[in-house]
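Engineer: Structure in structure tokens, see below.
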Amino acid sequence: MARRKAAALVAVTLAATGGLNGVGAGKPAAAPPPATRPCALRAAPGTSMSEGFTDGRDREYARSTGVVRALTLMVDFPDAPAPYSARERYGEFFPAVRNWFARASYGRLRYESKPVLRYIRMPRPFSTYGIGRRGYGWSAHTAMMRDLLRAADRDIDFRGYDLVNILVTPNAGPPADEAVLSVTWTGGSAATTDEGARLSRVSVIYGHDQSGARVLSHENGHVFGLPDLYAVDNFARTDNLAGQWDSMSLDWGLQGDLFAWHKWRLGWLLDSQIACLRPGPREQTYALSPIETRGGRKAVVVPFGRTRAYVLEARTARGNDGEACREGVLVYEVRTDVATGQGPITVRDAHPGTGACDFSSGAFNSLNDAPFRTGQRFRAPDAGLTVEVLGRDAAGGWRVRIRRDS
């Protein structure tokens with residue numbers, strides 16, 4: 001409980017940047033990767049929301065394949081009555097969120113949202129919860145969820161849902177350009193209904209975020225176990241981490257999809273779509289299909305050590321990446337021993353010292369031109385790795401030659 005509270009308190013006090021929000025800490029089991037999945041690095045014990053794979057028995061998070069059912073509620077307050085209809089507020093997020101997940105998962109996740117198309121008036125003023133520019137913690141969230149049940153439990157059946165979305169009237173609390181309040185809580189039950197349904201996977205959305213509907217896609221990503229990729233302690237450092245290349249980093253970014261590593265963890269990519277280049281001297285050529293399209297090989301994973309791996313994937317301006325700034329082969333390092341909000345994924349920049357598409361953000365643009373293109377090379381001496389981009393095919397994929405010296 002204390003770790004969940006601390007994680008959220010850090011996250012919601014960041015300067016306004018759109019959808020950068022905290023989530024509860026996971027408890028991964030310690031286990032080596034099975035012999036049949038040598039590149040599926042295991043979650044590091046004690047690392048909050050580790051980027052590693054788990055044994056699949058952690059019920060803290062929702063399943064991420066098949067049908068996922070969300071109960072979506074709109075709430076307002078006596079001192080912040082809604083300025084427009086619940087149907088309009090709901091329409092800011094749906095069907096956009098459902099369609100985003102359908103594209104990102106290649107149809108392997110079917111997101112079903114059940115809305116209650118009226119505002120639930122909370123029994124207490126918003127000001128009484130102590131939620132402001134400095135965010136809020138578990139006690140305030142618990143109080144709000146218990147009040148929500150006081151107002152709604154008799155009329156709404158909370159049973160049978162994988163998660164709950166709460167869309168707060170946007171005039172409650174400071175505007176999104178002054179504070180980031182949207183948050184997801186997992187693992188601990190803030191309240192329990194009369195029928196025994198536990199409010200243990202809840203995404204709460206405030207204000208009008210510059211990322212639009214994708215702030216909810218980001219928050220629901222936490223419900224499925226994905227960490228924050230931005231830097232909570234020094235937000236400017238995010239520009240040297242994942243930048244705009246994953247919605248778990250900057251959810252307003254031009255490149256709005258998820259990394260292949262995340263899609264693999266969530267079960268949206270099959271093992272057969274991931275190439276694993278194990279340690280030992282060898283050279284191999286691969287064809288990478290764009291992650292925004294169905295089918296084909298999506299990534300090459302190069303593990304080194306028990307907690308680190310380099311990943312190569314092809315990114316194009318399609319689907320959830322329709323506004324992508326640059327296309328090419330993206331290279332990034334995954335660390336399973338780095339906690340959420342501390343930079344567990346770092347993109348390697350093919351063009352260090354330059355940025356691109358500055359219109360997308362007042363900052364955080366240095367990695368927009370990160371992909372490697374024909375004739376460019378990436379070297380990682382720490383992994384004995386050399387990558388050469390050979391060229392592009394008619395379908396938008398890329399061919400790469402990879403050599404390991406050790």
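Engineer: Given the conditions (1) touching a helix residue (DSSP H, G or I) at 6+ places or on another chain (Cβ under 7 Å); (2) part of a loop (DSSP other than H, G, I, E, B); (3) modelled with pLDDT of 95 or more, report the number of the one that Phe364 does not fulfil.
Structural biologist: (3)
Engineer: Another question, if that's okay. Among (1) farther than 14 Å from Phe224 by Cα; (2) at pLDDT below 95; (3) within 20 Å of the chain's Cα centre (by Cα), which single condition is Pro45 missing?
Structural biologist: Status for Pro45: all satisfied but (3).
Engineer: Within region 172-181, which residues are open to solvent by 10 Å² or more (accessible area, probe 1.4 Å) and either aromatic (Phe, Trp, Tyr) or under 23 Å from Glu88 (Cα atoms) (or both)? Show your work before the answer.
Structural biologist: Just the residues of region 172-181 that are open to solvent by 10 Å² or more (accessible area, probe 1.4 Å), to begin with: 173-178.
Matches in region 172-181: Gly173, Pro174, Pro175, Ala176, Asp177.
Engineer: Collect the residues in region 200-210 that are assigned to a loop (DSSP other than H, G, I, E, B) and crowded, with 24+ Cβ neighbours inside 10 Å, keeping them in residue-number order. Working first, answer last.
Structural biologist: We begin by selecting, within region 200-210, every residue assigned to a loop (DSSP other than H, G, I, E, B); these are 200, 206-210.
Hits for region 200-210 are Tyr206, Asp209.
Rundown of residues vs (1) among the acidic types (Asp, Glu); (2) open to solvent by 60 Å² or more (accessible area, probe 1.4 Å); (3) closer than 16 Å to Glu313 by Cβ, yes/no style:
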| residue | (1), (2), (3) |
| --- | --- |
| Cys357 | no, no, no |
| Arg373 | no, yes, yes |
| Ala380 | no, no, yes |
| Val389 | no, no, yes |
| Gly396 | no, no, yes |
| Asp405 | yes, yes, no |
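Engineer: Now a separate question. Within 29 Å of Ala43 (Cβ to Cβ) and in contact with a helix residue (DSSP H, G or I) (Cβ under 8 Å, 6 or more places away or on another chain): is that true of Thr186 in this structure?
Structural biologist: Working: within 29 Å of Ala43 (Cβ to Cβ): yes; in contact with a helix residue (DSSP H, G or I) (Cβ under 8 Å, 6 or more places away or on another chain): yes.
Here the answer is yes, as Thr186 does meet what is asked.
Engineer: Another one. Mind checking which pairs have a first residue in region 99-123 that is without any contact (Cβ under 8 Å) to a residue 12 or more places away in the chain and a second that is surrounded by fewer than 17 Cβ atoms within 10 Å (Cβ to Cβ), Cβ under 7 Å, 6 or more apart or different chains?
Structural biologist: none
Engineer: Write out, first by first residue and then by second, each pair whose Cβ atoms fall under 6 Å of each other, whose residues are 6+ apart or on separate chains, and whose first residue, in region 377-398, is aliphatic (A, V, I, L, M) while the second is assigned to a strand (DSSP E or B) and open to solvent by 70 Å² or more (accessible area, probe 1.4 Å).
Structural biologist: As it stands, the answer is Leu390/Arg399; Leu390/Arg401, since those pairs meet every condition given.
Engineer: Among the listed residues Thr184, Thr169, Thr193, which satisfies the condition of being hydroxyl-bearing (Ser, Thr, Tyr), touching a residue at least 24 places away in the same chain (Cβ under 8 Å), over 29 Å from Trp252 (Cα atoms) and open to solvent by less than 20 Å² (accessible area, probe 1.4 Å)? Working first, answer last.
Structural biologist: On the way: Thr184 fails: over 29 Å from Trp252 (Cα atoms); Thr169 fails: over 29 Å from Trp252 (Cα atoms).
Only one candidate qualifies: Thr193.
Engineer: Still on this structure: Strands (runs of 3 or more DSSP E) wholly in region 237-329 with at least 3 residues that are at pLDDT 95 or above and touching a Ser or Thr at 6+ places or on another chain (Cβ under 9 Å) - which ones? It would help to see each step written out before you state the result.
Structural biologist: On the way: elements: 274-276, 282-288, 299-303, 308-315.
Of the strands (runs of 3 or more DSSP E) lying wholly inside region 237-329, those with at least 3 residues that are at pLDDT 95 or above and touching a Ser or Thr at 6+ places or on another chain (Cβ under 9 Å) span 308-315.
Engineer: Inspect region 99-106 for any residue being within 23 Å of Arg87 (Cβ to Cβ) and open to solvent by 20 Å² or more (accessible area, probe 1.4 Å) and give the result as yes or no. Talk me through it step by step, then tell me what you get.
Structural biologist: First, the residues of region 99-106 that are within 23 Å of Arg87 (Cβ to Cβ): 99-102.
Applying the additional criterion that residues be open to solvent by 20 Å² or more (accessible area, probe 1.4 Å) yields 99, 102.
Yes: region 99-106 contains one or more residues that are within 23 Å of Arg87 (Cβ to Cβ) and open to solvent by 20 Å² or more (accessible area, probe 1.4 Å).
Conditions (1) touching a Cys at 6+ places or on another chain (Cβ under 7 Å); (2) open to solvent by 20 Å² or more (accessible area, probe 1.4 Å); (3) within 24 Å of Ala356 (Cα to Cα), marked per residue:
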residue	(1), (2), (3)
Leu254	yes, no, yes
Trp264	no, no, no
Pro279	no, yes, no
Lys298	no, no, no
Val301	yes, no, no
Ala314	no, no, yes
Leu330	no, no, yes
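Engineer: Looking at (1) open to solvent by 10 Å² or more (accessible area, probe 1.4 Å); (2) modelled with pLDDT of 95 or more; (3) polar (S, T, N, Q), which is the one condition that is false for Thr54?
Structural biologist: (2)
Engineer: Return the total of residues in region 129-154 being open to solvent by 70 Å² or more (accessible area, probe 1.4 Å) and at pLDDT below 95.
Structural biologist: 4
Engineer: Filter region 65-98 for residues that are touching a Ser or Thr at 6+ places or on another chain (Cβ under 7 Å) and of a type in the set (Gly, Ala, Ser); which is most open to solvent (accessible area, probe 1.4 Å)?
Structural biologist: The qualifying residue most open to solvent (accessible area, probe 1.4 Å) is Ala82.
Engineer: Give region 219-233 a look and list any residue that's of a type in the set (Asp, Glu) and open to solvent by 10 Å² or more (accessible area, probe 1.4 Å), or say none.
Structural biologist: Narrowing region 219-233 to residues of a type in the set (Asp, Glu): 219, 228, 233.
Selection gives Asp233 alone.
Engineer: Something else: Looking at region 327-337, can you tell me whether even one residue there is touching a strand residue (DSSP E or B) at 6+ places or on another chain (Cβ under 8 Å) and of a type in the set (Ser, Thr, Tyr)?
Structural biologist: yes
The values are calculated or read from the model by the stated rules, or taken from the named source; none is laboratory data. If you're wondering where the values come from, they're calculated on a predicted model, not measured in any experiment. In this analysis, Cβ positions are derived from the backbone assuming ideal geometry, glycine residues included, and neighbour counts consider all displayed protein chains. For the accessible areas, the whole protein counts, side chains as well, though only heavy atoms, and no ligand, DNA or RNA atoms are used. Shrake-Rupley method; radii C 1.70, N 1.55, O 1.52, S 1.80 Å.
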